[in-house]
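Asks: Can you read through this structure? Questions will come right after.
Each reported figure results from applying straightforward, stated rules to the coordinates on display, with no laboratory input. In this text the structure is predicted, and so the values were computed from the model without any measurement. Positions of Cβ are backbone-derived with ideal geometry, glycine not excepted, and every protein chain shown enters the neighbour counts.
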Amino acid sequence: MKKNAQPSRKDERLLIKQLIAGESQAFDFIVSEYNNIMLSVARAIVGEAFADEVVQDAWISAIKALPKFEGRSSLKTWLLHIVSNGAKSRVRRENRQESLDDGWESVSADKFDQSGHRYDDVYVWDNATPESLLANDQLQTIIEQSFQNLPAIQRAVLSMYELEGIKMDEVCNILDITSSNARVLLHRARTTLHHSIEKYQDN
Amino acid sequence: MAECKNIAEEASNLLDGEIPFRKRMALHLHLLYCSCCRAYVQQLKQTISTITVLRPQEKDATDTDALSKKLQELSKKH
């Protein structure tokens, strides 16, 4: 699957030099590029109420630590670890492992017979490309709303893995969840978005 | 033998290549004779491609200009 392109190490080294030199364009770039995904991680770990504060603190820690940044990971991954550590310290005493035992079903159980076969027919969608699906404004809004309604941790896993191209083991480290847990959360997020498109296509 | 329900549960892992060999073969065997599950997996694949094109984002009320300026000021002090 095609993932979001990562900036090269060379570009990042230049960016970091510009940041240390205090160039305003470099600050504009990192804030516009990374604030949203940092917020996503903070919300997934600490919840809505403290997320903004955790992200602000993470930015301040990151800027202070920037001269010591060794480039062992990408700048984005480094920032996400800083926000993750800040968020985790806010919920240190809370046992936050996501419970997956909530009766969630990828496809409603009444769609299968006793032997696990589908009752209903599933058809290939006519508009096969993302562009043709997204040409419909109403459907675009439905997908956006469906994304916003996902639990914060599902949005974070989906955003990091699917949109930011962060490897699954790194996603697990950042969110402090197991690989199987992360895979289930990713499947749930994808499936919910699939349902929203499917429902629209059926109407 | 894999059934439709197994496909519904494992479709993401199947698309990401995260399934052990024997289980993967069983799911592929099911897909060979079940057009509904083939369509379902195809739809999920299209959903993933659509999300990567649409790139939905967190709701974010941050004043990014102000934050950028604040960080720039901070960096001058260090």
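Asks: Which value at 222 nm does the protein assembly as shown reach when only helices count, each DSSP H run of 4 or more adding -39,500 (n - 2.57), with the total divided by all residues and rounded to the nearest 500 deg cm²/dmol?
Replies: After summing the helix terms and dividing by residue count, I get -21500 deg cm²/dmol.
Asks: Taking amide H atoms as placed 1.01 Å from N in the peptide plane, list the residues 5 or more away in sequence, or in a different chain, whose amide H sits under 5 Å from that of A:Phe112.
Replies: Excluding prolines and chain starts, which carry no amide H, the hits are A:Tyr119.
Asks: Listed here are the pairs B:Lys5/B:Lys59; A:Lys111/B:Lys45; B:Lys23/B:Lys59; A:Lys199/B:Lys59; A:Lys76/A:Lys111; which of them are more than 32 Å apart at the Cα?
Replies: Violating the 32 Å Cα-Cα cut-off are B:Lys5/B:Lys59; B:Lys23/B:Lys59; A:Lys76/A:Lys111.
Asks: Still on this structure, please answer the following. Show me, for the range B:44-56, the HN-Hα J-couplings you get by feeding each phi into the Karplus relation (A = 6.51, B = -1.76, C = 1.60, θ = phi - 60°), rounded to Hz, glycine and proline as x.
Replies: Karplus-based 3J(HN,Hα) across the range B:44-56 equals 5, 4, 5, 4, 4, 4, 5, 5, 5, 7, 5, 6, x Hz.
Asks: Can I ask one more? Convert each backbone phi in the range A:61-68 into a coupling constant with the Karplus relation 6.51 cos²θ - 1.76 cosθ + 1.60 (shift: θ = phi - 60°), then list the ³J(HN,Hα) values in order as whole Hz, x for Gly and Pro.
Replies: In residue order, the calculated couplings are 4, 5, 5, 5, 8, 3, x, 9 Hz.
Asks: I would also like to ask the following. At a Förster radius of 45 Å, what calculated FRET efficiency corresponds to the Cβ-Cβ distance of A:His117 and A:Arg92, to the nearest 0.05?
Replies: 0.45
Asks: Give me the Kirkwood hydrodynamic radius of chain B, using the inverse of the mean 1/r over all pairs of distinct Cα atoms, in Å to one decimal.
Replies: 15.9
Asks: So how tilted is helix B:4-15 from the main axis of chain B? Cα-based, degrees 0 to 90, rounded to 10.
Replies: For helix B:4-15, the angle is close to 50 degrees.
Asks: So for A:Val54, A:Val122, A:Val31, fewest C-beta neighbours within 10 Å to most, what's the order?
Replies: With the fewest neighbours first, A:Val54, A:Val122, A:Val31 line up as A:Val122, A:Val31, A:Val54.
Asks: Where the only charges are on Cβ atoms (+1 Lys, Arg; -1 Asp, Glu), what is the dipole of the protein assembly as shown about its Cα centre, to the nearest 20 debye?
Replies: 1220
Asks: On a 0 to 90° scale, report how tilted helix A:137-149 is relative to the longest principal axis of chain A, with both axes built from alpha carbons and the result rounded to the nearest 10.
Replies: It is inclined by approximately 70 degrees.
Asks: Could you tell me the calculated FRET efficiency between B:Phe21 and A:Ala49, based on Cβ-Cβ distance and R0 = 35 angstrom, to the nearest 0.05?
Replies: Approximately 0.15, to the nearest 0.05.
Asks: With a cut-off of 8 Å between alpha carbons and a minimum separation of six or more residues, what is the relative contact order of chain A in percent?
Replies: Answer for chain A is 27 percent.
Asks: For B:Leu74 paired with A:Asp169, estimate the spin-label separation in nm (one decimal), with each label point 7 Å from Cα along the Cα-to-Cβ line.
Replies: Computed distance between label sites B:Leu74 and A:Asp169 equals 3.1 nm.
Asks: On the principal axes of its Cα set, how long, how wide and how thick is chain A? Give whole Å, largest value first.
Replies: The Cα atoms of chain A stretch 63, 43, 28 Å along the principal axes, largest first.
Asks: I would also like to ask the following. With a cut-off of 8 Å between alpha carbons and a minimum separation of six or more residues, what is the relative contact order of the range A:109-202 in percent?
Replies: Relative contact order, the range A:109-202: 28 percent.
Asks: So if the hydrodynamic radius of the range A:109-202 is defined as the Kirkwood radius over C-alpha pairs, what does Stokes-Einstein give as its diffusion coefficient at 37 °C and 0.692 mPa s, in µm² per second?
Replies: After rounding, the answer is 218 µm²/s.
Asks: Taking only C-alpha pairs under 8 Å that are 6+ residues apart, what is the relative contact order of the range B:1-56 in percent?
Replies: 42
Asks: In the neighborhood of A:Phe50, defined by Cβ-to-Cβ distances under 11 Å, what is the net charge if each Lys or Arg adds +1 and each Asp or Glu adds -1?
Replies: -2
Asks: For the range A:180-187, in order, what is each residue's ³J(HN,Hα) by Karplus, 6.51 cos²θ - 1.76 cosθ + 1.60 with θ = phi - 60°, in whole Hz (x at glycine and Pro)?
Replies: Per residue, the Karplus-derived 3J(HN,Hα) values read 5, 4, 5, 5, 5, 4, 5, 5 Hz.
Asks: Still on this structure, I have one more. Using only the alpha-carbon atoms, how far is helix A:24-46 inclined from the longest principal axis of chain A? Give it as 0 to 90 degrees, nearest 10.
Replies: Tilt relative to chain A: about 50 degrees.
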